[in-house]
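The values are calculated or read from the model by the stated rules, or taken from the named source; none is laboratory data. In this text, all values refer to a predicted model and were calculated from it rather than measured experimentally. A quick note on method: Cβ atoms are made from the backbone with ideal geometry, for glycine too, and the neighbour counts reach across all protein chains shown.
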Amino acid sequence: MCAAPAPASSPTAPIIARCQELFDDLDFTAARRWKEARPGRKVVGFMPVYAPRELLHAAGMLPLGIMGAGETLEVIHGDAYYQSYICRIPRSTLELGITGRLDFVDGFLFPSLCDVIRNLSGIWKLLFPKVYVRYLDVPQNFTPGMADGFWIQEMEELREGLAKLGGVEITDEALRDSIAAYNENRRVVREVYAYRAAEPWQAPSSDVYLLMRAGLVLPVEEHTQLLRDWLAAARAEKRQARDNTRIVLNGVFCEQPPLGLIKAIEMAGCYIVDDDFMLVNRFLIGDVKLEGNPLANLASAFLRDSEETAAKYQPDLAVKGKYIVDAVRRNGAEGVIFAAPSFCDPALLERPMLQDRLDRVDVPHIGFKYAENSAQMQPVREQAGTFADSIKLWSTP
Amino acid sequence: MSAAEVVKEASMLKQKEMIAGNYDALTSAPETGRKMAATFVPGNLNELIMTFGLLNNLPEINAIQNGMRKLSGDYILEAEKAGHSEDVCTYVKSDLGMMAKGNIAPNGKPLPKPDVLLLSYTGCFTFMKWFELVREQYKCPTVMLHVPYQGDGQVTKNMRDYIVKQLKEEVIPKLEKVSGVKFDIDRLRQYMRESARAEDDLVWVLESAKARPSPIDAYFGGVYYIGPIFTAFRGTPDATEYYRLLRAEIEERMRRGLGPITPEGDMKEQKYRLVVEGPPNWTSFREFWKMFYDEGAVVVASSYTKVGGTYDLGFRHDPEHPLESLAEYALGCYTNRNLPQRVDLLEKYMTEYQADGLLINSIKSCNSFSAGQLMMMREIEKRTGKPGAFIETDLVDPRYFSAANVKNRLESYFQMIDQKRRVASAA
Ligand code: SF4
Ligand code: SF4
């Protein structure tokens, strides 16, 4: 059992090849070209898990999502900044910075995902004093009405900072246009996810992953078009459905596993029908309202209608962990694979609570850890394979 | 924290009594009918908790107690057996393991379920997960107080307003409900007045280490000195009395030209003055301390003694503006300051306390403290020209305290300081 790879002649192949090229390129050539194409353009980086990219877009800037340096870059300097018991993403991100691969990046946003990313914001301030660095303290108080004012004002300060950086005014009108562009992108992103969940044999997860990664480096309009093109191309070809086990993958929202790990899970006989990769692409669930105050609308969407993840506090015990069960049900999954970066407090502390919710409804699960440069995929393949087989075995009437 | 055993000064006995009293109050709550809040040390709202007549149970303090009493190792294993990762914060696992094994307090009696978890989320992301995890078992109400981080190295009006709003509209009404006690701002003010008095004396004590010889050890001794003010006692007359006694004792030591008290009596020679960054190891606390005083190393300033408030930077609880002052307090705690601020503070300590070097005790468990410490060390070395040293241990997981390694590291560090001195005096 394995996921059918797209033949070279497949209509999706050139699109995925382009995404793969963007993924492999640790010099971020596409973003550099975008910047060079017009004088005065600015690029602003951001880390997982959520940043209001609409503000950057409205300032005429390119939001550039940085998710570490993956498995290929040799980390030489970064290790001198981090102890062995800290995850790998901050050190490889620093490596990108120190080796000049991010020298074209004018600003960098560090969302409040965990203390490692938080402290990285301070390191960035010390090491790259010319870069506009902002820590994004996304609210954790989700009691209605408690945090809107705070988050609107934080975004207001970000808007001022970006306006100064770019020498531009960020008008409400421009913000509404940007919100519209991202609303559209989120709709298509969700369409891709829904398509994969409905016909996973048509949409290998390694392809979907690359499509979503492309969204971190391309202008949003281009990314939306790319997704549309891919959907059209994927629908046009018929691949063979297999009797794979449908699983939800959870815990991969920050440091990324090697692409080989996703492929290994698929090769082991699993269809990934939902995941938490690149959550920023679909963090806000519905369309953000266009009429009225755009920052208030963004705040409201974040506080009232956004994805659940380990990085967010859940005030209600009855709701805690429901999202994983919902993801299983909604996507007709048969099990959950928890994969978390080694030393990742958010993912690893969240996991037992999610496992408990799955146990209550008899959904099987397995779990393992990885690093972005994990080389050995055989154990993952074996573990996922055994898991998939056992689900099939026990579900046979 | 229990006081050192060899020499017992009045302040030590007083603290011991206070801690025992609090544990007795906590464990007898089912009989006395008193309600209890659990909350974290950094940014804790002890004055507010007391305003509602609630008892205060701090899970980090339980973990420290269990670390020092050599119980935490088993608790951590228990939590790992139950499925918690070996990679995550060991305070959390020690707490979960303790719960699994009956939640026995140091007085041998079980701790009752808290009536409310007050999640004042200050300076550490893990706190949030920690209370989500214990809530699974206690199933009691949880109150979130999100304290924004000083990402840009300053406290803004927006941050303060956000905290005050949460206090007014959520924390206070919920505590009223849990306790059945109406909020009385004058009662809060009275506690805060008391806090400020104790804070003055604490700062005096910590700053006494600027003297030569230093009459205190600001790390190993310092963790005892911060005990009452960081925990369930800030705002009580007992705490004020404790700090009055302590200050008088230290004044006396200074007058007599004495160094700090160690578990083996007065420290004699002070060859090295150090600033220490990072929490201590609790499972081998005595052994760890001995490695310093045996070599004549005294810690003159530490960042760990600022996790529950940066009083030496001037903050005092202010009864005239109670809620704003609680907000300022929480915002100012050490790990809620960004890395450049932390470096600035350490640099200031190096200079003002005339230290010979910076030692970092990097804690495996604690990303909040540890992620970035290598960079901090380099910055301090660059700015002060003084050598830094880096050791790695854990808070309460005995598996990560390698006495031989730490000792070796320290010995070569002291040699390095000697060498630097020789070079400097030859120049
Ligand atoms: S991998 Fe986990 S611990 Fe590391 S930076 Fe990301 S969220 Fe934080
Ligand atoms: S990570 Fe550090 S600050 Fe946070 S709970 Fe653990 S020991 Fe405390």
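Quick notes
- Unmet requirement for A:Gly149, which otherwise passes all of (1) closer than 28 Å to B:Leu118 by Cα; (2) over 21 Å from the mean Cα position of the chain (by Cα); (3) more than 11 Å from every other protein chain (Cβ to nearest Cβ): (3)
- In the set A:Pro352, A:Pro346, only one residue is within 16 Å of ligand 2 (Cβ to nearest atom), within 9 Å of another protein chain (Cβ to nearest Cβ), in a helix (DSSP H, G or I) and under 18 Å from B:Glu136 (Cβ atoms); that residue is A:Pro346.
- Among helices (runs of 4 or more DSSP H) entirely within region A:48-146, having at least 2 residues that are touching a Gly at 6+ places or on another chain (Cβ under 7 Å), under 22 Å from A:Leu22 (Cβ atoms) and within 13 Å of chain B (Cβ to nearest Cβ) singles out A:89-98.
- So B:Asp95, is it away from ligand 1 (no atom under 16 Å from the Cβ), closer than 25 Å to B:Tyr334 by Cα and free of Cβ contacts under 8 Å to residues at least 60 places away in the same chain: yes
- Filter result (in contact with a helix residue (DSSP H, G or I) (Cβ under 6 Å, 6 or more places away or on another chain), over 18 Å from A:Tyr135 (Cβ atoms), within 16 Å of ligand 1 (Cβ to nearest atom) and not β-branched (Val, Ile, Thr)) within region A:48-76: A:Gly68, A:Ala69
- Where A:Leu226 falls short, out of the listed (1) closer than 30 Å to A:Ile391 by Cβ; (2) at pLDDT 95 or above; (3) surrounded by fewer than 24 Cβ atoms within 10 Å (Cβ to Cβ): (1)
- Entry remark, region A:29-47: residues being part of a loop (DSSP other than H, G, I, E, B) and free of Cβ contacts under 8 Å to residues at least 60 places away in the same chain number 4 in total.
- Meets criteria (in contact (Cβ under 8 Å) with a residue 12 or more places away in the chain and away from ligand 1 (no atom under 16 Å from the Cβ)) for A:Arg118: no
- Considering the conditions (1) surrounded by fewer than 24 Cβ atoms within 10 Å (Cβ to Cβ); (2) under 26 Å from A:Pro257 (Cα atoms); (3) in contact with a strand residue (DSSP E or B) (Cβ under 8 Å, 6 or more places away or on another chain), A:Asp106 is excluded by exactly one of them, (2).
- In the set B:Arg378, B:Arg316, only one residue is surrounded by fewer than 24 Cβ atoms within 10 Å (Cβ to Cβ), in a helix (DSSP H, G or I) and modelled with pLDDT of 95 or more; that residue is B:Arg378.
- Some residue of region B:341-361 being in contact with a Phe, Trp or Tyr (Cβ under 9 Å, 6 or more places away or on another chain), in contact (Cβ under 8 Å) with a residue 24 or more places away in the chain, in a helix (DSSP H, G or I) and away from chain A (no Cβ under 12 Å): yes
- Test: residue in region B:99-115 that is within 16 Å of ligand 1 (Cβ to nearest atom), closer than 16 Å to B:Phe40 by Cα and part of a loop (DSSP other than H, G, I, E, B): no
One line per residue, one yes/no per condition, for (1) more than 20 Å from A:Ala147 (Cα to Cα); (2) within 25 Å of the chain's Cα centre (by Cα); (3) β-branched (Val, Ile, Thr); (4) crowded, with 22+ Cβ neighbours inside 10 Å:
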| site | (1), (2), (3), (4) |
| --- | --- |
| B:Phe125 | no, yes, no, yes |
| B:Val164 | no, yes, yes, no |
| B:Arg193 | yes, yes, no, no |
| B:Val205 | yes, yes, yes, yes |
| B:Pro237 | yes, yes, no, no |
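- Positions within region B:153-181 being part of a helix (DSSP H, G or I) and of a type in the set (Gly, Ala, Ser), in sequence order: B:Ser179
- Residue match in region B:54-64 (condition: buried (at least 24 other Cβ atoms within 10 Å of the Cβ) and over 23 Å from B:Thr236 (Cα atoms)): yes
- Selection count where residues are buried (at least 20 other Cβ atoms within 10 Å of the Cβ), out of contact with any Pro (no Cβ under 8 Å at 6 or more places or on another chain) and either facing another protein chain (nearest Cβ under 9 Å) or not in a strand (DSSP E or B) (or both), scope region B:381-399: 4
- Scanning region A:286-313 for residues that are of a type in the set (S, T, N, Q) and touching a Phe, Trp or Tyr at 6+ places or on another chain (Cβ under 8 Å) turns up A:Ser306, A:Thr309.
- Test: residue in region B:84-91 that is within 12 Å of chain A (Cβ to nearest Cβ), touching a strand residue (DSSP E or B) at 6+ places or on another chain (Cβ under 6 Å), closer than 30 Å to B:Arg342 by Cβ and modelled with pLDDT of 95 or more: no
- Against the test of being crowded, with 20+ Cβ neighbours inside 10 Å, more than 10 Å from every other protein chain (Cβ to nearest Cβ), within 16 Å of ligand 1 (Cβ to nearest atom) and of a type in the set (A, V, I, L, M, F, W, C), the options A:Ala339, A:Ala310, A:Ala327, A:Ala333 yield a single qualifying residue, A:Ala339.
- The one condition from (1) closer than 22 Å to A:Glu157 by Cα; (2) in contact with a strand residue (DSSP E or B) (Cβ under 7 Å, 6 or more places away or on another chain) that A:Leu113 does not meet is (2).
- Qualifying residue in region B:319-334 (condition: in contact with a helix residue (DSSP H, G or I) (Cβ under 6 Å, 6 or more places away or on another chain) and either modelled with pLDDT under 95 or facing another protein chain (nearest Cβ under 10 Å) (or both)): no
- Given (1) more than 9 Å from chain A (Cβ to nearest Cβ); (2) surrounded by fewer than 17 Cβ atoms within 10 Å (Cβ to Cβ); (3) not hydrophobic (A, V, I, L, M, F, W, C), index of the condition B:Lys174 fails: (2)
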